[in-house]
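S.K.: Dumping the structure here so I can ask a few things about it.
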Amino acid sequence: MSGAAAGGFEDRLRRQWEVALPNRHNAWVHLADFDELLRGVRGSDERARQGRRRSPLDGHALAVKDNIDVAGMPTGAGLGGAPHRAESHADVIERAQRAGMLIAAKLNMDEAAIGATGNNPHWGRCLNPLAADRQLTPGGSSGGSAVWVASGCGEFALGTDTMGSVRIPAAYCGICGLKPSGGWLSLRGVVPVSAQLDSVGLMARRPVPLAGLLEALSGRAAPAAGSDMGDIRLGWVTGLSFAAGDVQKRMDGVREVIAGAGRFELSEVSLADLDLNACRRAGLVECLREMLRTHRDHLDGDSGALSSGLRKMLAWAAGQPPERFAAARQRLRDCREAVDRLFEAGSIHGLLLPTTPQGAFEFTCEAPDDQANFTAPFSISGHPAISIPLPAAVPDPLRPGLQIVGRRDRDFELLRLAERIDALLNPADQGEAA
């Protein structure tokens, strides 16, 4: 990641603030104090002049989903009522600040991080910047995070991904969204949905800058630049059912480009061992079971924090017998084992499949039940996964993203793979890398 010249951090912040401040797409719910940020970037500029930068990220702004604690800022988690003001940083925020990053905003999200539309009943719709005039969803639940990056408010954003909540909005908004391996990033200071499925996720326009951000937030060092991955074996997932008729056509074009590059060993693999609908439903049941504990006070009280829709979902969960939850947990174990078998059978480095069965849809349309079908299995299994944009002559929210799933705990290997594939698919966009 290239550094900024002296004075560059301040200039960049001012440009980004001009984009962010009107909040045209309702991406943020709380902005940091600009004067405080200005002092922070001037400090970064001074460190750059003196050759004392804390990290390659020193001076870069980071915006975070509103379920991640930032000391002194409100944490609303997309709920109604008065949000509480965080007294301490989440672990990932502490790490970001040690790297010299500045926290610019708290971002809009689906209520309680359960949902994938960006339509919050308390804070309003978050609009997809690729087609705001058409009122297209940015996806969710980290919709505000994707919109922040896609609209040019900032280079980096954090979201949370439980069954696809970073990858889905990244796909709809035409950016990159990484869900790291399970356990790579601390969840302390993050309002939970599911301890088993939750992950803090990272967003940027291109995959290249994500490696540095992952290093800073995880405390793990990426392998040296140029490390050889050897012969790269990829599994192309076949036999999927698409809600949008042109998804298959677009994916066929992507496969042709990747196969034609001659850099990868490409073989077909099947998810026939997985009932994708059943996996997603089991994940949702497990989420609701755990959310009952997190939001029990709101459910029992009358604070206005929960919408009627969320109350109904939690009340349903409260009425389920223990056997229902036990069956869901067994389904999750079966899913994890099936994904493990996919990687073991072919000794593959990564799986390739669409991020979603469709592209962005209008808010007036009913949200597709299956939009997390392709992302949920890899949250359940704990494998790292990233969504990168498909080629388009002009930004197109109706294209699906390409999801690349890596080997568990090989996150930096996945990012190198994503960089290579992104360079093939989007060669004209490589200058966007921070």
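The values are calculated or read from the model by the stated rules, or taken from the named source; none is laboratory data. These figures come from a predicted structure and were not determined experimentally. No Cβ is skipped: glycine too gets one built from the backbone with ideal geometry, and neighbour counts run over all protein chains shown. The protein model used for the area step is the full one, side chains on, heavy atoms only, and it has no ligands, DNA or RNA in it. Shrake-Rupley method; radii C 1.70, N 1.55, O 1.52, S 1.80 Å.
S.K.: What does the accessible area per residue of the range 153-274 come to in Å², with a 1.4 Å probe and no ligands, DNA or RNA counted? Before the final figure, lay out the partial values.
M.R.: Numbers: 4500 Å² over 122 residues.
That works out to 37 Å² for each residue.
S.K.: Here's something else I'd like to know. Would you work out which of Ala112, Gln16, Ser55 lies farthest towards the positive end of the dipole of the range 1-138, given +1 charges on the beta-carbon of Lys and Arg and -1 on that of Asp and Glu, about the Cα centre?
M.R.: Ser55
S.K.: Still on this structure: Considering only DSSP beta bridges with both partners in the chain, what is the antiparallel share in %, to the nearest 5? Provide the component values of the computation, followed by the final result.
M.R.: Values: 29 of 47 bridges.
In the chain, DSSP labels about 60 percent of beta bridges as antiparallel.
S.K.: Here's a follow-up. How high is the relative contact order of the range 73-189, in percent, with contacts defined as C-alpha pairs under 8 Å that are six or more residues apart? Could you put the intermediate results ahead of the total?
M.R.: Details: 204 pairs, mean separation 26.3, N = 117.
Across the range 73-189, relative contact order equals 22 percent.
S.K.: Just tell me the longest site-free run in the chain, where the sites are GluC sites (Glu not before Pro) in a DSSP loop having at most 14 other beta-carbon atoms within 10 Å.
M.R.: On the way: sites that count: Glu87, Glu366.
The segment 88-365 is the longest one with no such site.
S.K.: Once you've got the GNM for the chain with C-alpha springs shorter than 10 Å, pick whichever of Leu210, Leu127, Leu37 has the biggest mean-square fluctuation.
M.R.: Of the options given, Leu37 has the highest mean-square fluctuation.
S.K.: Compute the Cα gyration tensor for the range 125-219, then decide on rounded, prolate or oblate, letting a ≥ b ≥ c be the square roots of its eigenvalues: rounded whenever a/c is under 1.5, prolate when a/b is larger than b/c in the other cases, and oblate in all that remain. Provide the component values of the computation, followed by the final result.
M.R.: On the way: a/c = 2.38, a/b = 1.46, b/c = 1.63.
It is oblate, given that a/c is not under 1.5 and a/b is not larger than b/c.
S.K.: Could I ask something else about it? Residues in the range 381-408, backbone N under 12 Å from the label point at Cys365 (7 Å along the Cα-to-beta-carbon vector): list them, ranges by number please.
M.R.: It comes to 397-400, nothing else.
S.K.: Using a ≥ b ≥ c from the Cα gyration tensor of the range 104-148 (square roots of the eigenvalues), is it rounded, prolate or oblate, where a/c under 1.5 gives rounded and otherwise the larger of a/b and b/c decides, a/b for prolate? Can you show the working numbers first?
M.R.: Values: a/c = 1.75, a/b = 1.27, b/c = 1.37.
Oblate is the answer for the range 104-148, as a/c is 1.5 or above yet b/c matches or exceeds a/b.
S.K.: Rounded to a whole number, what % of the accessible area of the chain do carbon and sulfur atoms account for, probe 1.4 Å? Provide the component values of the computation, followed by the final result.
M.R.: Details: 7980 of 16820 Å².
Answer for the chain: carbon and sulfur cover 47 percent of the accessible area.
S.K.: Still on this model: Once each part is reduced to its C-alpha centroid, what is the distance from the range 6-77 to the range 176-208 in angstrom?
M.R.: The distance from the Cα centre of the range 6-77 to that of the range 176-208 comes to 20 Å.
S.K.: Let me ask another. Quick one: pull the percentage of alpha-carbon pairs in the range 284-352 with a separation above 19 Å. Please list the in-between numbers first.
M.R.: Values: 1187 of 2346 pairs.
Across the range 284-352, Cα pairs with separations above 19 Å total 51 percent.
S.K.: Towards the positive end of the charge dipole of the range 294-384, with charges on Cβ (+1 Lys, Arg; -1 Asp, Glu), say which of Pro377, Cys365, Leu352 has the farthest Cα.
M.R.: Working it through, the farthest residue towards the positive pole turns out to be Pro377.
S.K.: Just need log10 I(q)/I(0) for the range 341-417 at q = 0.11, 0.22, 0.27 Å⁻¹, Debye formula, equal scatterers on the alpha-carbon atoms, no solvent, rounded to two decimals.
M.R.: Log10 I(q)/I(0), no solvent term: -0.34, -1.03, -1.28.
S.K.: From zero up to wherever the largest Cα-Cα distance of the range 61-214 sits, split into 5 Å bins and tell me the percent of pairs in each.
M.R.: Here the calculated profile for the range 61-214 is 2, 11, 22, 25, 22, 13, 4, 1, 0.
S.K.: Hey, another quick one. Could you tell me how far the Cα centroid of the range 129-145 sits from the Cα centroid of the range 384-398, in Å?
M.R.: Measuring centre to centre over Cα atoms gives 14 Å.
S.K.: Here is a follow-up. Restrict the search to the range 3-101; then list the trypsin sites (Lys or Arg not before Pro) that DSSP places in a loop and that have at most 13 other Cβ atoms within 10 Å of their Cβ. Intermediate values should be presented prior to the final figure.
M.R.: Values: sites: Arg12, Arg14, Arg15, Arg24, Arg39, Arg42, Arg47, Arg49, Arg52, Arg53, Arg54, Lys65, Arg85, Arg95, Arg98; in loops: Arg24, Arg52, Arg53, Arg54.
When the trypsin sites (Lys or Arg not before Pro) of the range 3-101 are filtered for loop state and at most 13 Cβ neighbours within 10 Å, Arg52 remain.
S.K.: Using just the helices of the chain, give the 222 nm mean residue ellipticity in deg cm²/dmol: DSSP H runs with n ≥ 4 each add -39,500 (n - 2.57), and the total is spread over all residues, rounded to 500. Provide the component values of the computation, followed by the final result.
M.R.: Working: 13 runs with 156 residues, N = 434.
My calculation for the chain gives -11000 deg cm²/dmol from helical runs alone.
S.K.: Between the range 312-361 and the range 151-173, how many Å separate their Cα centres?
M.R.: Using only Cα atoms to place each centre, the spacing works out to 20 Å.
S.K.: Moving on to the next point. Eigenvalues of the Cα gyration tensor times 5, then square-rooted: what semi-axes does that give for the chain, in whole angstrom, largest first?
M.R.: Details: eigenvalues 179, 161, 80 Å².
Working from the Cα gyration tensor, I get semi-axes of 30, 28, 20 Å.
S.K.: For the chain, calculate the relative contact order in percent as a whole number, restricting contacts to Cα pairs under 8 Å that are 6 or more residues apart. Present the calculation step by step, with values, prior to reporting the outcome.
M.R.: On the way: 954 pairs, mean separation 76.1, N = 434.
RCO, the chain: 18 percent.
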